[in-house]
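Scroll down for the structure; my scribbles are underneath it.
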Amino acid sequence: MKDIISKKVQDMQPSGIRQFFDLVLGMKEVISLGVGEPDFVTPWQIREAGIFSLEEGFTSYTSNKGLYKLRLSISRYLKNRYGLEYCPDEEILITVGASEGLDLALRAIINPGDKILIPTPGYVSYGPLTELAGGIPIYINTRDSGFKLTPKLIAEGVEKKTKAIILNYPNNPTGVSYTKKELEELKKVILKHKLLCISDEIYGDLTYDFEHTPFPTLSGAKEHTIYLNGFSKAYAMTGWRVGFACATKEIIAAMTKIHQYTIMCVPITSQMAACEALVSGRKSVEEMKREYKRRREFVLERLNAIGLECRKPQGAFYAFVSVKNTKLKSLEFAKELLKEQKVAVVPGVAFGSEFNDYIRISYASSMENLKEALSRIEIFIK
Amino acid sequence: MDEILEVLEKDARATPEEIAKMLKKKTQGIKEAIKKYEKDGVILKYKAVINKELIKDADASVRALIEVNITPQKDVGFDKIAERIYSFPEVASCYLISGTYDLLLIVEGKDLHTVARFVAEKLAPLENVKGTTTHFLLKKYKEDGVILKHREENKRIAISY
C-alpha cells in the first residue's frame with residue numbers, strides 16, 4: 001500500500017508538527033497565539049460586494065488570468081502606491097492566494113536539479129514546493145545576522161545551477177523586513193549572479209517602522225522578479241483565497257499555462273470582493289495596521305519583562321521568540337505550554353530544524369487574549 | 001484621532017501602563033494626556049456598554065424616541081426649554097435637530113406605562129411644547145458603534161502557519 005504514494009510526497013512534512021497541530025485542534029478553550037491569519041473579519045463593504053455579486057448572478061468562470069477589472073485595479077493600485085507598472089493584460093495573473101502564485105512560479109521556472117535559494121527561518125511551503133517542482137532547495141540560515149539576509153550570505157549560497165531566490169519580507173515567522181537601502185544591496189548580488197527573485201510580499205502592507213519597498217521597484221530588478229502578493233493578510237481575506245502574481249509577460253504566460261489546467265480561475269465571488277477591497281478597503285487596512293502595531297509594542301514589552309528574548313519584528317504579525325533560557329526544545333515548550341496553561345504557539349522547528357530553540361507567537365489576536373496569554377506564559381516559565 | 005483615544009474607545013479599562021506599552025510612550029505622558037482629555041471634555045466618562053435586553057429587572061428596559069415640537073423663546077431660543085426637558089432623569093438623550101420637529105428625545109423607563117406617563121404628565125403639559133410623537137423601540141441592533149449580540153464564537157482554526 002505504501003508504494004502507492006509517491007516517494008516525493010512520502011518524504012514531505014515533518015510529522016511531529018502535524019501531531020502537535022492536531023493536539024491543539026482537539027483541545028477546548030485554548031488561547032491561541034498560533035494562528036497565521038488576521039483575527040479581524042473581512043471589512044463589511046468587501047463582504048457585501050461578494051454577497052451582492054452572488055445576488056446579481058455572477059457565478060461563472062472568469063478568464064484564466066482573472067477578471068480584467070481586478071487586474072486593472074491591481075495595476076492602477078501598484079502604480080499609484082509604488083510607481084510600479086505592470087500591464088493588466090499580460091503581466092498580472094490572479095491566483096488562489098499568494099500560495100498558488102508561489103507554486104506556479106516555481107513550477108514555471110524549475111528544470112530538474114535547478115537550485116533555489118531559500119532563507120531560513122521561512123514560510124513552511126517554500127522547500128516542499130521547490131522539491132515537488134523538481135528543484136533542490138538550498139537553505140540559507142540567517143540566524144547569525146539577526147534573521148536578515150545579507151549580500152554575503154546570498155553569494156555564499158550560490159552554486160552552479162542556482163536559478164532563483166525566494167525573498168519574503170516582512171517575514172513569516174520573524175517579522176523581519178528590509179529598508180530600501182538594504183534591498184539595493186541584496187539586489188546587486190542577486191542580479192550579479194543572474195538569479196530570478198521570487199518576492200513574496202504578502203505582508204508588505206503590514207510594515208510598521210518604515211515604508212515597504214517592493215523588490216521590483218528597485219532599478220533594474222523588475223525584469224528579474226516575480227512579485228507575489230494578495231488580499232489575505234492586509235484586508236483580512238484569508239478564506240477568500242485571492243492573490244496575484246506580477247512578472248514579465250513571458251513568465252506570466254508560463255504560469256498561466258499551468259494555472260489554466262490546474263485551477264482554471266479563482267472563484268468569481270472572491271475576485272469581485274477583491275475589486276471592492278481595492279476601491280474602499282484602504283481605510284480598514286490602515287486601522288488594522290495601527291492595531292497590530294500597538295499589539296506588537298505591547299507583546300514585545302511583555303516578553304522583555306518575562307525575560308524571553310525577541311528581536312523587534314518590523315512587519316507582519318509575528319514575534320519569533322527565543323526559548324533557549326528555558327532549556328526546552330521548541331516542540332516540548334509548545335506541548336508543555338499547551339498542557340499546563342492552554343496557550344498555543346507554533347514551535348520554531350516548523351520553520352527549519354535549526355530553530356528548535358524558538359517559538360512563533362502571532363499577535364493577530366485580541367488585546368484581551370494577548371494580555372491573558374502572556375500572563376500565562378509568564379506563569380509557565382516560572 | 002489620537003491613538004490613545006482609539007485604544008480607550010475600544011476598551012475603557014486599558015490602563016495607562018498598558019497603553020504606554022502599546023504606543024511605546026512613557027506611562028507618565030499617557031496619564032497626563034488622558035487627564036487633559038478629561039479636563040477638556042474630550043473624554044467625558046468611562047462606562048460599560050450593557051445589553052439591557054438581557055437583564056430582566058432593568059430600570060430602563062423600555063426606550064422610546066420622542067419627537068417634540070416646541071415654540072422657541074425670545075433671546076434664548078430652544079436652549080431654555082431644552083434644558084427643562086433634558087433635566088428629567090427619564091431623558092437619556094436630547095438633540096436639537098433640523099426638519100419637521102425640533103427636539104429628539106430618547107426616554108427610558110421600566111415599562112410602557114412609565115414612559116407613557118412621563119409623556120402625558122411631564123412633557124406634553126409644558127407650556128412651550130406644541131406636540132409630541134412617541135416611537136417605542138422594538139429591538140436594538142447596534143448602538144454607538146457596538147453591535148448588540150452575544151460574543152461570536154471563534155471562526156478561525158486554532159493553529160496554522
Inset, instruction - Out of A:GLY50, A:GLY36, A:GLY57, report the one residue that is on the phi > 0 side of the Ramachandran plot and modelled with pLDDT of 90 or more. - result: A:GLY57
Inset, instruction - Would you list the helices (runs of 4 or more DSSP H) that sit entirely within region A:221-326 and hold 1 or more residues that are on the phi < 0 side of the Ramachandran plot, basic (Lys, Arg) and away from every other protein chain (no Cβ under 14 Å)? - result: A:249-262, A:282-306
Legend entry - Any chance B:ASP75 is over 21 Å from B:LEU54 (Cα atoms) and crowded, with 16+ Cβ neighbours inside 10 Å: no
Inset, instruction - Could you tell me whether region A:338-350 includes any residue that is of a type outside the set (S, T, N, Q), within 25 Å of A:GLN45 (Cα to Cα) and within 10 Å of chain B (Cβ to nearest Cβ)? - result: no
Inset, instruction - For residues that are without any contact (Cβ under 8 Å) to a residue 40 or more places away in the chain and out of contact with any Pro (no Cβ under 8 Å at 6 or more places or on another chain), scanning just region A:119-134, find the one that is nearest to the other protein chains (Cβ to nearest Cβ). - result: A:SER125
Inset, instruction - Please specify each residue of region B:114-161 satisfying the condition of being surrounded by 15 or more Cβ atoms within 10 Å (Cβ to Cβ) and either among the polar types (S, T, N, Q) or within 14 Å of another protein chain (Cβ to nearest Cβ) (or both). - result: B:THR114, B:ASN128, B:THR132, B:THR134, B:ARG156, B:ALA158, B:ILE159, B:SER160, B:TYR161
Legend entry - Those helices (runs of 4 or more DSSP H) lying entirely in region B:1-73 with at least 3 residues out of contact with any Pro (no Cβ under 6 Å at 6 or more places or on another chain) and within 13 Å of chain A (Cβ to nearest Cβ): B:3-10, B:16-23
Legend entry - Search result, residues across region A:158-192 that are under 19 Å from A:THR248 (Cβ atoms) and out of contact with any helix residue (DSSP H, G or I) (no Cβ under 7 Å at 6 or more places or on another chain): A:LYS187
Inset, instruction - Out of the residues in region A:152-194 that are among the small types (Gly, Ala, Ser) and part of a loop (DSSP other than H, G, I, E, B), state the one that is farthest from A:GLY122 (Cα to Cα). - result: A:SER177
Legend entry - Every residue from region A:135-151 that is part of a helix (DSSP H, G or I) and touching a residue at least 12 places away in the same chain (Cβ under 8 Å): A:ARG143, A:PRO151
Inset, instruction - Among residues belonging to region A:332-364 that are at pLDDT 95 or above and hydroxyl-bearing (Ser, Thr, Tyr), point out the one that is surrounded by the most Cβ atoms within 10 Å (Cβ to Cβ). - result: A:TYR358
Legend entry - Index of the failed condition, A:LEU102 passing every other in (1) over 16 Å from A:GLY243 (Cβ atoms); (2) within 14 Å of another protein chain (Cβ to nearest Cβ): (1)
Legend entry - B:GLU67 vs. criteria under 27 Å from B:LYS10 (Cα atoms), of a type in the set (Asp, Glu) and surrounded by 13 or more Cβ atoms within 10 Å (Cβ to Cβ): no
Inset, instruction - Might you let me know whether region A:304-325 holds any residue that is buried (at least 18 other Cβ atoms within 10 Å of the Cβ), over 18 Å from A:GLY36 (Cα atoms) and of a type in the set (Phe, Trp, Tyr)? - result: no
Inset, instruction - List the number of the failed condition for A:PHE333; all other conditions in (1) farther than 22 Å from A:ASP39 by Cα; (2) within 14 Å of chain B (Cβ to nearest Cβ) hold. - result: (2)
Inset, instruction - Being more than 11 Å from chain B (Cβ to nearest Cβ) and not small (Gly, Ala, Ser) is the filter; apply it to region A:351-362 and report the residue that is nearest to the chain's Cα centre (by Cα). - result: A:ILE361
Inset, instruction - Identify all residues within region A:41-73 that are within 13 Å of chain B (Cβ to nearest Cβ), assigned to a loop (DSSP other than H, G, I, E, B) and surrounded by fewer than 16 Cβ atoms within 10 Å (Cβ to Cβ); write none if there are none. - result: A:VAL41
Legend entry - Members of region B:101-149 found to be touching an Asp or Glu at 6+ places or on another chain (Cβ under 9 Å), outside any helix (DSSP H, G or I), hydrophobic (A, V, I, L, M, F, W, C) and modelled with pLDDT of 90 or more, listed by number: B:LEU103, B:LEU104, B:LEU105, B:VAL107
Inset, instruction - Scan region A:216-245 for residues that are among the hydrophobic types (A, V, I, L, M, F, W, C) and in contact with a Pro (Cβ under 7 Å, 6 or more places away or on another chain) and jot them down. - result: A:ALA236
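The values are calculated or read from the model by the stated rules, or taken from the named source; none is laboratory data. Please read all numbers here as calculations on a predicted model, not as lab measurements. Cβ: placed from backbone, ideal geometry, glycine included. Neighbour counts: every protein chain shown.
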